[in-house]
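The values are calculated or read from the model by the stated rules, or taken from the named source; none is laboratory data. Note that this is a predicted model, so its numbers are computed, not measured. In this analysis, Cβ positions are derived from the backbone assuming ideal geometry, glycine residues included, and neighbour counts consider all displayed protein chains. When the accessible area is computed, the model is the full protein with side chains, heavy atoms only, and any ligands, DNA or RNA have been set aside. Shrake-Rupley method; radii C 1.70, N 1.55, O 1.52, S 1.80 Å.
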Amino acid sequence: MKTMRQLFLWAWLALLASPLYASQDVPLGAPLWLQQVIEQQHHQPEAMLQLLLEHQDEVSRLPLHVQRSAYQQFATLYGMMGQHTEQLNYARKGLALDDGVDALRIELLYNLGFATEMQSNYLLAQQHYQTGTELATQLKHEALRLKGQINLAAILSAQEHYQEALALLKEVYQQSGELADQEVTAEINAELGLLYATLGFEEEALQFLDTAYAMYKAMNWRKSKIAVLYNLARTYGFIEQYEQAFSTYQRMLSVSRQYGDHMNLYYAYLGLAITSHEFGRTNTALNYMSKAEEYLDRVQSPMAQVVHLFEKARIYNGLQQNTLAMQQLMLARQLLDEMDGSESDSMQLNILFMQAHLYARQGQFEQAYETFESFFYRFQDRFTQESELALTSLRLSFEQEREQAERALLVKDNELQALRLQEIERKRQIQWLWTGLFASTTLVLMTLLLWQWQRRRRAETLHQTNQEDTKSL
């Protein structure tokens, strides 16, 4: 049952996972406007992007190392805005200027990887992240190395290699404690929260996400805070705490409106639509979906477009509008066919399952059977052959943890039993002590009574003898 739950929910959480944007040092010779952008990029991203655009023509006249820094800022800020085509272009420009090995090159590679990831090309994104991580290791730049590993774990999770992703994140989590880097610690908590929610461990997920939100709030990283809010709200929805989910989405909506953040306005309305549908407010869900569509053009992720169509199909299905629901599913399948199928199998399964249901509702039972049969064999391949080892390893790892906990409980139980036996022995000894004391006391009393009785007898005998002597006189 948990596997089926993962199948229908995994994609929604990962949509707003925040990328890793490292705080960059101001390069020597940077103009004041670039210094301001570097210092304020996380606090005022929209304003800083506008400032960059106003000075765009000046970039080519700057020293080479400053140009690279400017292109890194362009890539970072466009990534925050969800404009991944522009992010990709500026990351490539920065990388083309110089092939030297330094921290800036690593950050450009991570931007390039994230933009590629958002285009659903996970294998290529993984290569960019891996290259950046290797360079960070070569430079002994621990913070950037850990950030690269977090990116790699996110790619593994997106490809449903959960056991490998969890193992990598646990390693990073331990090492981040030694590093004491706020950015890395916040991101590892955010990513662990995302993964735990995907795996169905919501309570642990909420703890990690709450920690990440508090840290981003302390740093005043607004985009990252909103990303965590979205994941918190979805997690609340998973455990059917709908009022909490609604209030969290409303917070996200309020902040996004305040700063004109159109990308996150889309995700806030999408989340409200999904939660309204799950809560049984289907007409309200359709209204929220219409509001989300006003900002859909700001989302440049193909998978996000597919998810939007699928969620709209679910809402139409809830309204018994079968034809409209089927249309949305057909469009979603068309988009998926244009993507690498190995990276979209779970969504294919989602669509097939709903199509089979719709065919059956319309009385097209033969098509429903064929579609469900296709779903079944794809599901069997996906969750037995391809990920059996990963899921088995994951189960065993958690089983080992449970066994360790059980062994600890057994030790405590044995200690408790030993204490109980000691208590019984102590009580037995006390009982024998009291018995012995009672016996001794009784013996003393009996001795005293006997002594008093003998004394009284001697006194009476003496008194009788005296009386007889008196009489004889």
Those residues of segment 252-270 which are under 18 Å from GLY79 (Cβ atoms) and among the hydrophobic types (A, V, I, L, M, F, W, C), in sequence order: MET263, LEU265
Scanning segment 126-140 residue by residue, those buried (at least 19 other Cβ atoms within 10 Å of the Cβ) and farther than 21 Å from MET347 by Cβ turn out to be HIS128, TYR129, GLY132, THR133, LEU135, ALA136
Among the residues of segment 314-332, write down those that are surrounded by fewer than 18 Cβ atoms within 10 Å (Cβ to Cβ) and more than 22 Å from GLY363 (Cβ to Cβ). LEU331
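A quick yes/no check of all residues on (1) open to solvent by 20 Å² or more (accessible area, probe 1.4 Å); (2) among the hydrophobic types (A, V, I, L, M, F, W, C):
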residue	(1), (2)
GLY113	no, no
LEU124	yes, yes
GLU142	yes, no
GLN159	yes, no
ASP181	yes, no
LEU195	no, yes
Do you know which residues across segment 47-89 are within 19 Å of SER301 (Cβ to Cβ), open to solvent by 20 Å² or more (accessible area, probe 1.4 Å) and assigned to a helix (DSSP H, G or I)? TYR78, THR85, GLU86, LEU88, ASN89
So, first residue farther than 20 Å from TYR78 by Cβ in segment 94-108, second residue charged (D, E, K, R) and assigned to a helix (DSSP H, G or I), Cβ within less than 7 Å, six or more apart or across chains; the pairs are ASP98/ARG68
Looking only at helices (runs of 4 or more DSSP H) that fall completely inside segment 224-310, which ones have 1 or more residues that are surrounded by fewer than 16 Cβ atoms within 10 Å (Cβ to Cβ)? 242-258, 282-293
